[in-house]
Protein chains: 2
Amino acid sequence: MLINKLGEFGLIERFRRAIRTDTSVAVPSGDDCAVLRFNRDSYQLFTCDMLVEGVDFTLRDKPELIGRKALAVCLSDIAACAGIPRYALVSLGIPPGFSVERIERIARGLFALAGKFKVNIVGGDISRARHLVIDVSVLGVVEKKNLCLRSGAKEGDIIFVTGSLGGSIRGKHLKFTPRLKEARALVKKVKVSSMIDISDGLTQDLGHILEQSKAGAVIYEDLIPLEPGARNLKEALFMGEDFELLFTLPPAEAKKILILKPRGFKPIGEITAAKQGLSLIDRRGRQRVIKPRGFRHF
Amino acid sequence: MLINKLGEFGLIERFRRAIRTDTSVAVPSGDDCAVLRFNRDSYQLFTCDMLVEGVDFTLRDKPELIGRKALAVCLSDIAACAGIPRYALVSLGIPPGFSVERIERIARGLFALAGKFKVNIVGGDISRARHLVIDVSVLGVVEKKNLCLRSGAKEGDIIFVTGSLGGSIRGKHLKFTPRLKEARALVKKVKVSSMIDISDGLTQDLGHILEQSKAGAVIYEDLIPLEPGARNLKEALFMGEDFELLFTLPPAEAKKILILKPRGFKPIGEITAAKQGLSLIDRRGRQRVIKPRGFRHF
């Protein structure tokens, strides 16, 4: 069988079944970050992302933005767990004919974002490769009481997103700011029941929350905030790389912050029982079941 | 300027100059692992390595051995700091036409080595790519008193290597056992003044110790243990991928263990003043200066 046929998530599921971890691992693979026991009050968060030329960026993109994105996608994973990023390693696979100036511009974009979020770049690896590959791994920290996971959404919880969605491929995917500050501000104010970053598309990532929380959801077309660059609702529902946060709050917590009329995030729906699956209510009030889908590598 | 011209180490040096780290980083990039402050008695070690198809392995190699090597090279870095590996993340760039069976065999080889050394595989990333790329990052731990670095070798120290050297490309590079046990046994018995793993070749990696310790060295042709698969001394001096440990001991420490007639490692020379550079004494007692060199990606 070829990878294309099994699919990205099928392959990940097979790997997960083959892995055993010891009790020092609080949450193994399957969330935005691995969660490791650290000290009495905190966990460490550990995550990595690989960017590949022709998949996640092209050589026509501004080099600084390519490097920036390579770190930003990892920071978005740390944000999804409401953590603070601390250290990063950067592995570069570089074609031999690459110019030093171009690779230095890529590094500059990455280092600038690291500086902005006080992330220490502590090392890396450089290898010859046939096309440009950048793999970044990030180590962060989160207080136990603030850790957010994909599991934990309950029937009746309100679903929120930060920012707006759709059309990211036309620019935002290279320029987005990981929602670290928003996530930290949020967990200081309210008790978040689940959180994920939208990397593969709203419905697919909401699908991960529903699966791991054993829940269903209803979302409202009217309430989904469209990015100015988005062409239609479909792009907001099924297109990847928004890198916004998707999270749920118990009703009492939701009220606490909705009365503050927050500008950074908006309610888009509600968690239901698992058997109801995921459905969308359109502008005319009609409800239809939708299948979570979005970007897949295979 | 193209990367080929600046070279791998020139590029790394440029990156290092551009990076700032805070005081929580005890040793930033430039050693086998980054060393992070952790608790009163221990440091965390953080390292990554990228393996690329056609550079570090070919698709004719046994898949289990490819996966095994991807983790083993990182564990060798942890061994060089005398640490204990704890957690690993695995990023895979996979061509779409790859078979599931082959990628599962690669994973199986990696997981088996992880099991052997009690390393928790806690997550990763999967991406489409044009050729197979495997990037592994490992988080480990080491007691402060046991940490070994490339710096710290002093004039008069004895230079040792574990195992034997040369000809690794003909098989050992896929099958070597990272010298984790040997490194731990060593630091429990003696005070090691410097250590590195031989990944690029004996003289190039000894060169790193000499540079960071501001020292010179003399090594003896007679004493260099040749791998059975090695064709000649040159392969032991300049060929990469031995993944043995190279370390130095102050004379009193060296005596302590040489009287035990250790089988796992052998003295090969002595640290001298920096101005003497690196030289080799051949079988007839003639001394000649040699330039550290070995495997370079560019």
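The values are calculated or read from the model by the stated rules, or taken from the named source; none is laboratory data. Because the structure is predicted, anything quoted here is derived from the model rather than measured. Cβ sites come from the backbone with ideal geometry, for glycine too, and all protein chains shown count toward neighbours.
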When (1) touching an Asp or Glu at 6+ places or on another chain (Cβ under 6 Å); (2) assigned by TED's automatic domain parsing to the domain that holds A:Ile159; (3) among the charged types (D, E, K, R) are applied to A:Arg284, the one that fails is (1)
Turns out the helices (runs of 4 or more DSSP H) fully within the range B:1-107 with at least 1 residues that are away from chain A (no Cβ under 11 Å), over 16 Å from the mean Cα position of the chain (by Cα) and farther than 18 Å from B:Leu139 by Cα are B:8-18, B:63-80
Inset, instruction - Please work out if A:Ser168 is polar (S, T, N, Q) and outside the structural domain of A:Ile106 (by TED's automatic domain parsing). - result: yes
Of (1) assigned to a strand (DSSP E or B); (2) surrounded by fewer than 24 Cβ atoms within 10 Å (Cβ to Cβ), B:Phe160 fails just (2)
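The rows are residues; the columns are (1) away from chain A (no Cβ under 14 Å); (2) of a type outside the set (Phe, Trp, Tyr); (3) assigned to a strand (DSSP E or B).
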| position | (1), (2), (3) |
| --- | --- |
| B:Arg231 | yes, yes, no |
| B:Leu237 | yes, yes, no |
| B:Phe243 | yes, no, no |
| B:Thr248 | yes, yes, yes |
| B:Ile257 | yes, yes, no |
| B:Arg263 | yes, yes, no |
| B:Pro292 | yes, yes, no |
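Out of the residues in the range A:235-257 meeting the condition of being touching a residue at least 24 places away in the same chain (Cβ under 8 Å) and out of contact with any Ser or Thr (no Cβ under 9 Å at 6 or more places or on another chain), tell me which one is nearest to A:Lys172 (Cα to Cα). Give the steps one after another, and end with the answer.
Narrowing the range A:235-257 to residues touching a residue at least 24 places away in the same chain (Cβ under 8 Å): A:235-251, A:253-254, A:256-257.
From what is left, the residues that are out of contact with any Ser or Thr (no Cβ under 9 Å at 6 or more places or on another chain) are A:251, A:256-257.
Details: A:Pro251: 32, A:Lys256: 31, A:Ile257: 27 Å.
Among residues in the range A:235-257 that are touching a residue at least 24 places away in the same chain (Cβ under 8 Å) and out of contact with any Ser or Thr (no Cβ under 9 Å at 6 or more places or on another chain), the one nearest to A:Lys172 (Cα to Cα) is A:Ile257.
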When (1) under 20 Å from the mean Cα position of the chain (by Cα); (2) at pLDDT 95 or above; (3) of a type in the set (A, V, I, L, M, F, W, C) are applied to A:Val218, the one that fails is (1)
Handout entry: Test: residue in the range B:163-174 that is surrounded by 20 or more Cβ atoms within 10 Å (Cβ to Cβ), more than 19 Å from the chain's Cα centre (by Cα) and assigned to a strand (DSSP E or B)
Key = no
Legend entry - Check on A:Ser151, modelled with pLDDT of 95 or more and closer than 25 Å to B:Ile78 by Cα: no
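Looking at this structure, is B:Phe238 crowded, with 16+ Cβ neighbours inside 10 Å, among the aromatic types (Phe, Trp, Tyr) and closer than 24 Å to B:Lys181 by Cβ?
No; evaluated as a whole, the condition is false for this residue.
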Counting only residues in the range A:20-41 that are crowded, with 20+ Cβ neighbours inside 10 Å and either more than 23 Å from A:Pro178 (Cβ to Cβ) or of a type in the set (A, V, I, L, M) (or both), the one modelled with the lowest pLDDT is identified as A:Val27
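Would you pick out the residues in the range A:178-202 that are in a helix (DSSP H, G or I) and farther than 20 Å from B:Ile126 by Cα?
A:Leu180, A:Lys181, A:Glu182, A:Ala183, A:Arg184, A:Ala185, A:Leu186, A:Val187, A:Lys188, A:Lys189
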